[in-house]
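Here the structure is laid out as structure tokens; the discussion comes afterwards.
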Amino acid sequence: MNRYVGVLAPASAAPLDLAMFEDVVDLVADMTQVRACLVVPEGSAVAADEVAWPGMPVVAVPDRTVGSAVAALAAIGADEAGVVAPDAPDLPALLLGKLHSALTTAEVAVCPAEDGRLVALAARLPLATWVPPVTLDDPLDALRRAAPRRGLHVGAGWHRVRDEADARRLDPGLEGWDNTRALLGR
């Protein structure tokens, strides 16, 4: 089974966005049984090659939809594909692993954000035709409405960092997120 997990490049090249992106890339790169990739939408201000590990694939996509990201990962050999938001620097790898485990019974598995958006999505390939053209910033409800019975697995949730209040919620007890931690001075 070829499992690829793509970290979506942030829309902004602000220092905090880049630090979080690097931390999520490091998290995925350290996972076993998946191949880490970078997914860079057209027009992204992020220089992905500066974040990529040696030999890490970087795929360009026309937009920020999970369908485009998953299709790009399928094109480089994925049988299962995951897409992770760039602003969840303290995300436990276990939550991503559980998404791929859920694909034994569901076509798509998601880790929801506490605000109703998505932190990550994993899918069997080819991507189910019922999946609408959603981004990780769209509400989970869009997928729930479209999904057939047992087509969608909703896993444990996590948080994303969008502002200073979100940044205060980062768990200093969790390993990783070194770039974000250094930038925030924690």
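The values are calculated or read from the model by the stated rules, or taken from the named source; none is laboratory data. Predicted, not measured: the structure shown is a model, and the values here were computed from it. Ideal geometry is used to build each Cβ from the backbone, glycine not excepted, and the neighbour counts take in all protein chains shown.
Can you find even one residue in the stretch 56-67 that is at positive phi and not small (Gly, Ala, Ser)? Show your work before the answer.
The first filter runs over the stretch 56-67 and keeps only residues at positive phi, leaving none.
No: the stretch 56-67 contains no residue that is at positive phi and not small (Gly, Ala, Ser).
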Just wondering, is there one or more residues in the stretch 112-126 that are surrounded by fewer than 21 Cβ atoms within 10 Å (Cβ to Cβ) and touching a residue at least 60 places away in the same chain (Cβ under 8 Å)? no
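With surrounded by 23 or more Cβ atoms within 10 Å (Cβ to Cβ), out of contact with any His (no Cβ under 6 Å at 6 or more places or on another chain) and assigned to a loop (DSSP other than H, G, I, E, B) as the only criterion, which of Ala45, Ala78 stands out? Don't jump to the end; show me each part of the working.
Values: Ala45 fails: surrounded by 23 or more Cβ atoms within 10 Å (Cβ to Cβ).
Just one listed residue meets the conditions, Ala78.
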Taking Thr105, is it among the polar types (S, T, N, Q) and either under 13 Å from Asp90 (Cα atoms) or touching a residue at least 60 places away in the same chain (Cβ under 8 Å) (or both)? no
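Scan Met1, Met56 and give me the residue that is farther than 22 Å from Gly155 by Cα and outside any helix (DSSP H, G or I).
Details: Met1 fails: farther than 22 Å from Gly155 by Cα.
None of the other options fit; the residue is Met56.
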For the stretch 161-186, pairs from a residue that is at positive phi to a residue that is part of a helix (DSSP H, G or I), with Cβ under 6 Å and 6 or more apart or across chains, are Gly176/Leu27; Trp177/Asp23
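Of Arg162, Arg144, which residue is at pLDDT below 95 and either surrounded by fewer than 19 Cβ atoms within 10 Å (Cβ to Cβ) or touching a Lys or Arg at 6+ places or on another chain (Cβ under 7 Å) (or both)? Don't jump to the end; show me each part of the working.
Values: Arg144 fails: at pLDDT below 95.
Selected residue: Arg162, the only one of Arg162, Arg144 that is at pLDDT below 95 and either surrounded by fewer than 19 Cβ atoms within 10 Å (Cβ to Cβ) or touching a Lys or Arg at 6+ places or on another chain (Cβ under 7 Å) (or both).
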Pairs, please: C-beta under 8 Å, at least 6 apart or cross-chain, first residue in a loop (DSSP other than H, G, I, E, B) and in the stretch 141-158, second exposed (fewer than 13 other Cβ atoms within 10 Å of the Cβ)? Arg150/Thr105; Gly157/Glu114
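Residue check: is Val108 touching a strand residue (DSSP E or B) at 6+ places or on another chain (Cβ under 7 Å), β-branched (Val, Ile, Thr) and within 19 Å of Val40 (Cβ to Cβ)? Reasoning before the result, please.
Numbers: touching a strand residue (DSSP E or B) at 6+ places or on another chain (Cβ under 7 Å): yes; β-branched (Val, Ile, Thr): yes; within 19 Å of Val40 (Cβ to Cβ): no.
Criteria not met by Val108.
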Mind checking which residues of the stretch 81-102 are under 16 Å from Leu127 (Cβ atoms) and either in contact with a His (Cβ under 9 Å, 6 or more places away or on another chain) or without any contact (Cβ under 8 Å) to a residue 12 or more places away in the chain (or both)? Gly82, Leu99, Ala102
